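I have placed the structure first, in the form of structure tokens, so that the comments after it can refer back to it.
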Amino acid sequence: MATRAIDSRNTVSAVAADDRRRWFRGQAFWLVAPALLLLVICLGLPLAIVTLRSFSEPQWGWQNYAWFFGTPVNLTVLQRTFAISAWVTLVCLIAGYPYAYVMTAVGPKMRLVLILCVLVPFWVSGVVRTLAWVILLQDSGVINSVIRAVGLSPVKLIRTQTGVVIGMAQVLLPFMILPLYSVMKTIDLRLMQAARSLGASPARAFAQVYLPLSLPGVYAGAIIVFILALGFYITPALLGGPRSTMLSTLIQNQVLSLLNWGRGGAMGVVLLIATFVLLALAAPLSRQPHKTGSTR
Amino acid sequence: MKQRGRILLGLYCLLVAVWLVAPTIVVVPMSFNDKKSLAFPPSGFSWQWYQNFFTSPEWSASLVGSLKVAVVTAVFATVIGTLAAFGLDRMKSRVSGVLRALLITPMVVPGVVLAVGIYAVYLDMRLVGTMTGFVLAHTMLAVPFVIIAVSASLEVFDKRLETAAASLGATRLTAFRTVTLPLIAPGILSGLLFAFVTSFDEIIVALFITSPYLKTLPVQIFSSITRDADPTVAAVGTLLFITTSLVIGAGLLIGSRQGKR
């Protein structure tokens with residue numbers, strides 16, 4: 001009798017808990033609903049319209065895509081967009097990898113200083129940072145006055161591809177350093193000591209132990225920098241010239257200046273697809289397979 | 001050998017740190033230029049560009065516009081994002097994983113493509129150059145940052161505390177208000193700050209949907225840079241730089257004081 005009472009009480013409370021969980025889940029969806037609604041209105045609808053117009057303006061068909069892929073200038077710009085993004089990613093990686101490593105190796109006070117150096121530009125308005133690069137790179141700018149003071153002949157930096165890469169890499173560097181750092185700080189440095197004690201040279205210990213463990217951070221940082229670079233608009237628009245135009249500028253030009261929604265839309269769809277294909281390809285790489293330094 | 005390697009690595013880091021921070025500082029001397037030019041070095045000293053920023057109706061209107069949009073956006077994005085973070089936290093992990101990925105997409109969609117689409121929608125709905133238009137678009141862009149910030153603090157939040165409060169007789173709302181909310185407040189606050197900055201700094205969508213009636217500060221800076229070499233932009237840059245540095249400095253001070261307690 002007593003056991004049955006306990007049993008039934010257990011069942012009742014289990015049912016109640018179950019009910020509550022189900023209610024929780026139903027309610028949980030409603031909590032996310034406003035964000036989803038906003039996403040549909042401000043992201044889904046606009047992207048749908050861009051895609052639709054790329055097929056429907058001025059008339060139905062693939063004409064805008066045929067134009068895009070049939071015009072050499074467009075292909076040059078597309079290729080350049082990928083090339084500039086690749087350069088920016090490479091520069092960020094070369095500058096960011098050692099920096100992120102040092103962040104994990106120094107004491108807490110120094111680490112705070114290094115983190116601040118990464119975050120300060122992060123918090124300064126993007127337009128202002130680009131303005132700073134205009135001041136630095138222009139023909140009468142800081143870099144060229146230094147070069148002239150030393151007695152060398154001035155270099156053309158603004159409105160060149162080099163200038164665009166330098167400026168973009170600086171703007172995007174924090175996006176490389178932060179993922180690198182978050183992976184590197186989980187790497188147990190004693191693993192390197194272990195490799196050394198087993199006779200590996202420092203270079204070999206790095207290449208065979210540290211580098212593979214840090215790869216998820218490299219992939220995560222590289223993919224986010226590359227994707228953001230592909231869609232960059234402000235920095236190339238202000239630092240670049242006609243010979244360093246990127247796809248974003250071309251899209252803006254088609255829509256705002258030429259009012260050609262079809263062609264602009266087709267370019268937008270190309271950029272969008274490139275972004276999502278890259279994301280889909282790279283997402284599995286940047287997942288950390290397992291935490292290091294655990295007991296296993 | 002090892003020592004030399006370390007010194008080299010340290011120097012390399014110093015170089016990268018200079019590259020990260022120094023370019024921004026260059027706007028400070030430019031803002032005191034006495035001539036209407038952005039050529040370096042400035043030829044003399046004057047305050048006129050700061051004076052121009054505060055007295056010219058164009059500049060002050062864009063500052064006010066930006067502040068209005070950013071404040072409203074921050075409030076909306078924080079409420080919507082916090083609700084969503086809670087919802088995601090309480091869902092089956094498979095569903096929440098998909099939804100989370102979906103809700104974060106605004107961060108990776110190329111800005112110009114999004115801006116073109118929003119512009120098209122707004123032209124039809126007569127939202128170009130309106131407060132509603134700006135706030136809608138900026139809220140959508142800012143919500144992912146709030147979700148990330150609040151989710152991070154929900155992850156370390158011990159749900160048993162809510163159960164404990166409930167077992168002591170608190171209703172769900174009371175438990176939320178007196179236990180959950182104070183514990184995740186830092187996450188919500190940083191989400192709010194991120195949302196504000198996202199809106200205040202946003203330019204690409206703003207460039208498309210701007211109008212003479214409502215302009216934001218980044219748009220004004222951009223058009224000033226492309227129009228002529230007006231050092232007022234350097235003055236604005238300096239002011240923004242100093243303000244954000246003060247805010248971050250204050251945040252760090254408060255944070256370290258709380259850490260010591």
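Rounded to the nearest 10 degrees, the inclination of helix B:217-227 to the longest alpha-carbon principal axis of chain B is 30 degrees. For the protein assembly as shown, evaluate the Debye formula with one uniform point scatterer on each Cα (no solvent term) and list log10 I(q)/I(0) at q = 0.10 Å⁻¹, rounded to two decimals. Cα-only, vacuum Debye calculation for the protein assembly as shown: -0.95. The calculated FRET efficiency for residue A:69 paired with residue A:287, based on their beta-carbon distance and R0 = 30 Å, is about 0.30.
Summarising the label geometry, the points placed 7 Å from Cα in the beta-carbon direction at residue A:148 and residue A:62 lie 5.5 nm from one another.
Across the protein assembly as shown, how many lysine pairs, 8 or more apart or on two chains, come within less than 20 Å at their alpha-carbon atoms?
Numbers: A:109/A:185; A:109/B:260; A:185/A:291; B:68/B:215; B:92/B:159.
So the count of such lysine pairs works out to 5.
With both labels modelled 7 Å from their Cα along Cα-to-Cβ, the residue B:45 to residue B:166 distance reads 6.6 nm. Only the Cβ atoms of Lys and Arg (+1) and of Asp and Glu (-1) were treated as charged; on that basis the dipole of the protein assembly as shown about its Cα centre amounts to roughly 1700 debye. What the Cβ-Cβ distance of residue A:204 and residue A:276 gives, at R0 = 51 Å and to the nearest 0.05, is a FRET efficiency of 0.85.
Computed on chain A, the Cα convex hull volume stands at 246 Å³ per residue. Taken over segment A:147-277, the ratio of Cα radius of gyration to 2.2 N^0.38 Å equals 1.51. Counting Cα-Cα pairs of segment A:134-174 in 5 Å increments starting at 0 gives whole-percent bin shares of 6, 26, 27, 21, 13, 6, 1. Counting only Cα atoms, segment A:59-135 measures 62, 26, 26 Å along its principal axes, largest extent leading.
Compute the helix-to-body angle for B:131-155: its Cα long axis versus the longest principal axis of chain B, expressed 0 to 90° and rounded to tens. Around 50 degrees separate the two axes. With the helix formula -39500 (n - 2.57) applied to DSSP H stretches of n ≥ 4, chain A reaches a computed 222 nm mean residue ellipticity of -24500 deg cm²/dmol.
Of all complete DSSP H helices in chain A, those with a Cα span along the helix axis of 18 Å or greater and a mean Kyte-Doolittle hydropathy of 0.5 or more are A:72-105, A:108-123, A:161-184, A:211-230, A:261-282. Roughly how tilted is helix B:2-25, in degrees to the nearest 10 and between 0 and 90, from the longest Cα axis of chain B? In chain B, helix B:2-25 runs at an angle near 70 degrees to the longest axis. Note on residue A:182 and residue B:250: their simple-model spin labels are 2.8 nm apart, each label 7 Å out from Cα toward Cβ. Please work out the C-alpha center-to-center distance from segment A:79-141 to segment B:83-112 and express it in whole Å. Answer, in whole Å: 28. For the Cα trace of chain B, dividing Rg by the Kirkwood Rh returns an Rg/Rh value of 1.06.
When Rg and the Kirkwood radius Rh are both evaluated on Cα atoms of segment B:1-109, their ratio Rg/Rh stands at 1.21.
State, to one decimal in nm², a quarter of the convex hull surface area for the C-alpha atoms of segment B:52-144, i.e. the direction-averaged projected area. Spell out each step's value before the answer.
Values: hull surface 29.9 nm².
Projected area, direction-averaged: 7.5 nm².
Please identify every one of the trypsin sites (Lys or Arg not before Pro) in segment B:159-234 that sits in a loop by DSSP and has no more than 12 other beta carbons within 10 Å of its own beta carbon.
On the way: sites: B:159, B:160, B:172, B:177, B:215, B:227; in loops: B:159, B:215.
Answer by residue number: B:159.
Here, each number is a calculation from the coordinates, and none is a lab measurement. Computed from a prediction, not measured in an experiment: that's the story for all the values here. All Cβ positions, even for glycine, are placed from backbone atoms using ideal geometry, and neighbour counts span all protein chains on display.
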